[in-house]
1. According to the square roots a ≥ b ≥ c of the eigenvalues of the Cα gyration tensor, what is the shape class of region 2-71, taking rounded for a/c under 1.5, prolate for a/b larger than b/c otherwise, and oblate for the remainder?
2. Along region 70-75, what does the Karplus equation 6.51 cos²θ - 1.76 cosθ + 1.60 (θ = phi - 60°) give for ³J(HN,Hα), rounded to whole Hz, x for Gly and Pro?
Amino acid sequence: MSIEVIASVIAGLIIGKSFALLAFAGDSVVEVISAYAVFDYLQNISKGELFGVESERTERIALSLLILLVPIILLAAFYSYAYGIKPKASP
């Protein structure tokens, strides 16, 4: 997934600052962090530490990810509206 982030940022900048590719990179970063949070949570369950400091940390990470997605979605929507970008049909 980290390769996905790097590749989409580079491609987005080479193509001409493609907002769609840069937003895709931001989404990929959120996916990498959420994969870590799930992995951490599953490790805590396997250790029998379902409740405690580690569980609260994982919940904070998940909450932060949800809060982080809101500005990404809002920026993408505002950018599309401001520049008149309309979705195109795909084959």
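No lab work stands behind these numbers, since they all come straight from the coordinates. All figures in this text were calculated on a predicted structure; none of them were measured in a lab.
1. Since a/c reaches 1.5 and a/b is larger than b/c, the shape of region 2-71 is classed as prolate.
2. Karplus values, whole Hz, x for Gly and Pro: 4, x, 5, 5, 5, 5.
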